[in-house]
Amino acid sequence: MSNLSTRPLCMIPGPVEMSSTVLQANSTPATAHTDPVFVEAFGEVIEMLRTVVGTTSGQPFVIAGSGTLGWDQTAANLVEAGERVLVLSNGYFGEGLADCMEAYGAQVTRLRAAPGHRQALAEVAAALRAHKYKIVTISQVDTSTGVLGDVQGVAELVREHSPDTLVVVDG
């Protein structure tokens, strides 16, 4: 039985509320990353994540860390100093990702949206026509503003205008 109704409700973007069954599952002993049980479960997670992101052959990454660790891994491994990155910024997290890319030497173009809004696809298309980018980044949801990014629309534009450009989703 869930204990959510017997304690104060936390109403912030994160951390999120968890049911008693999830809390109980998290209280089990740690499983090593080399344990066959973990290896099988992790493989299932990757396969299910492929379904979530709509690919059969793409390689999703599960990162054991904060979102900023994901930014750092992306910047450190996918961008060389001087390469162009288009960051679609809808708030705090888009700005943070742009700062991280700049720290690694990327030449960042920030396409900012008005508070509470996302970029119009026409603006994104214009930016893609103006320059060749190594990466385009988009936040699925910038929790600082509650703005839902149009990941599918942006990915389709990138595929149309710049098929060699990587689309990085901060999800």
### Message
Residues that are under 30 Å from residue 43 (Cα atoms), surrounded by 16 or more Cβ atoms within 10 Å (Cβ to Cβ), at pLDDT 95 or above and not charged (D, E, K, R): does the stretch 111-126 have at least one?
### Response
no
### Query
Do we have residue 107 as under 25 Å from residue 83 (Cβ atoms), of a type outside the set (D, E, K, R), under 14 Å from the mean Cα position of the chain (by Cα) and open to solvent by 30 Å² or more (accessible area, probe 1.4 Å) here?
no
### Query
Of the residues 119, 140, which is of a type in the set (S, T, N, Q), over 22 Å from residue 49 (Cβ atoms) and touching a residue at least 24 places away in the same chain (Cβ under 8 Å)?
119
### Message
With the requirement that a residue be free of Cβ contacts under 8 Å to residues at least 40 places away in the same chain and of a type in the set (Gly, Ala, Ser), what does the stretch 147-158 give you?
### Response
153, 155
### Query
Considering only the stretch 119-136, how many residues are within 15 Å of residue 152 (Cβ to Cβ) and among the hydroxyl-bearing types (Ser, Thr, Tyr)?
0
### Task
Please indicate, with yes or no, whether at least one residue in the stretch 93-101 is among the small types (Gly, Ala, Ser), in contact with a Cys (Cβ under 7 Å, 6 or more places away or on another chain) and open to solvent by less than 30 Å² (accessible area, probe 1.4 Å).
no
### Query
When residues of the stretch 76-85 are filtered for being among the aliphatic types (A, V, I, L, M) and buried (at least 16 other Cβ atoms within 10 Å of the Cβ), how many remain?
3
### Task
Go through the stretch 33-75 and give me each residue that's open to solvent by 50 Å² or more (accessible area, probe 1.4 Å), touching a residue at least 24 places away in the same chain (Cβ under 8 Å) and not β-branched (Val, Ile, Thr).
72
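The values are calculated or read from the model by the stated rules, or taken from the named source; none is laboratory data. Quantities reported herein were computed from a predicted structural model and do not represent experimental measurements. Note that each Cβ is placed from the backbone with ideal geometry, even for glycine, and that neighbours are counted across all protein chains shown. Accessible surface areas use protein heavy atoms only, side chains included; no ligands, DNA or RNA. Shrake-Rupley method; radii C 1.70, N 1.55, O 1.52, S 1.80 Å.
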